[in-house]
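Everything below concerns the one structure shown next.
The values are calculated or read from the model by the stated rules, or taken from the named source; none is laboratory data. What you see is a predicted model; the values in this text were computed from it and never measured. When we count neighbours, we look across all protein chains shown, and the Cβ atoms used for this are built from the backbone with ideal geometry, even at glycine. Ligands, DNA and RNA are excluded from the accessible area calculation, which covers all protein heavy atoms including side chains. Shrake-Rupley method; radii C 1.70, N 1.55, O 1.52, S 1.80 Å.
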Amino acid sequence: MLFFVISGYCIAAACDASARRRTPLTDYFWRRFRRIFPPFWCSSGFAALLAALGHALGERFFREVAFSGIWRNVAARQSER
């Protein structure tokens with residue numbers, strides 16, 4: 001909840017600052033686009049790479065990754081109950 005409050009404040013403050021400088025609204029949205037989309041495409045590319053790697057290595061890859069480390073301990077504790 002706090003994230004949305006802070007995020008809303010930051011967006012409103014940036015929009016207000018843009019209005020005070022009398023810059024066009026398109027500049028505001030262009031800055032947001034440049035800030036948001038590069039990480040979006042990097043994370044999407046990484047997810048696609050993992051999916052392709054998982055497909056190439058087969059179902060065992062996902063099973064080993066999903067149930068490795070802490071998840072294996074959590075599953076063991078749940079089965080003890």
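A few remarks follow.
- Checklist (1) open to solvent by less than 60 Å² (accessible area, probe 1.4 Å); (2) in a helix (DSSP H, G or I); (3) modelled with pLDDT under 85 applied to R63, failing item: (1)
- Selection status of G54, more than 15 Å from the chain's Cα centre (by Cα) and either exposed (fewer than 11 other Cβ atoms within 10 Å of the Cβ) or among the polar types (S, T, N, Q) (or both): no
So that you can scan it fast, the table gives a plain yes or no per residue for (1) in contact with a helix residue (DSSP H, G or I) (Cβ under 7 Å, 6 or more places away or on another chain); (2) surrounded by fewer than 10 Cβ atoms within 10 Å (Cβ to Cβ):
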| residue | (1), (2) |
| --- | --- |
| F4 | no, yes |
| R20 | no, yes |
| Y28 | yes, no |
| R31 | no, no |
